[in-house]
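For reference, the structure is listed below as structure tokens.
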Amino acid sequence: MLHGFAVEKLYSFSDPEMIRGHKQSYDAFLRGLISFPLNIPGTAYWKCLQGRKWAVKTIKKLMDERRESPRMGERDYLDFVMEEIDSGESPLTEKMATDLLFLLPFAAFESTSSTIVSAFHYLTAHPAALAELTREHEAILKRREESGSVGISWREYKSMTFTHMVTNETLRLTNIVPGIFRKVMKDVEVKGYLIPAGWTVMVYPTAAHLNPSVYDDPLSFNPWRWEGQKVNSGSENFMAFGGGTRFCSGAEFVKLCMAIFFHHLVTKYRYVQFD
């Protein structure tokens, strides 16, 4: 569902067969993403590379078709990316754009679904947080009825303060990304240890997210800990989407997908717990 939603919004895919094939390529990519790098037909690693190859080929084909026959009317994300590339004023190359367009559905397909499942678990176990989330979205519905608007607007999304707090707290506890790799560009000394230039280091987000000197009672689900804090960027204490110049390009898209899911979850359904 999330993958189909992502490719529809990003590329305007509407053909069910195309969406199914695209999802299968991402399934293969995901299953072999962390596997023994044995590039032999039939192995998980080989299927991973083939999946990525097929998805990228599909994106490039779509870009060529758009250049030959530009779309009229409403534009999608791909149109804006191509406009940026063809302007000649952007450092964005077609290869960079292709990688970006490949990664965005992956972010929605994998990290979003995993985070939503975790959020569902935490909210079920914390009625106060669920009640506050429900109040926020029911207030949005009330304002919408008074204004006569239809569907979630950008203004409504930006007003979902507690929703963003729930998202951040879920990401802090769940730690979808197990490690972040960075190449050391120059010698760096950390607490008496020298990390030479050229080495690759792995940052372990869990160590920062569950640090008791930064977060009170770090193992507890407490969205209110984000109250009054900037919740839309990365830092040395919160790196669910990385940080710096390599901050995840799909971070805001993932948060948007989660906000939409939360909205429909709490306004159209009610929890029923069975002993």
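Odds and ends about this structure:
- Cα shape, the stretch 196-253, gyration tensor, a/c 1.5 rule: oblate
- Expressed in units of 2.2 N^0.38 Å, where N is the residue count, the Cα radius of gyration of the stretch 162-275 is 1.30.
- Computed over neighbours whose Cβ is under 12 Å from that of E83, the net charge equals -1, Lys and Arg +1, Asp and Glu -1.
- Count Lys and Arg as plus one, Asp and Glu as minus one, and take only other residues whose Cβ is under 15 Å from that of L210; the net charge is then -2.
- Taking 24 Å as the straight-line reach from the Cα of K142, the lysines in range (excluding those fewer than 8 positions away in the same chain) are K158, K255, K268.
- Sequence of E136, E17 from largest to smallest accessible area, 1.4 Å probe: E17, E136
- Overall form of the stretch 65-152: oblate. Here a/c, set by the Cα gyration tensor axes a ≥ b ≥ c, is 1.5 or more, and a/b is not larger than b/c.
- Alpha carbon Rg of the chain, scaled by the compact-globule rule 2.2 N^0.38 Å: 1.13
- Most mobile listed residue (Q229, Q24, Q50) in the chain, GNM with C-alpha springs under 10 Å: Q229
- The stretch 2-119 - Kirkwood radius from inverse mean 1/r over Cα pairs (Å): 15.3
The values are calculated or read from the model by the stated rules, or taken from the named source; none is laboratory data. All values derive from a computational prediction rather than experimental measurement. In this analysis, Cβ positions are derived from the backbone assuming ideal geometry, glycine residues included, and neighbour counts consider all displayed protein chains. Quick note on the areas: whole protein, heavy atoms, side chains included, nothing else; ligands and nucleic acids left out. Shrake-Rupley method; radii C 1.70, N 1.55, O 1.52, S 1.80 Å.
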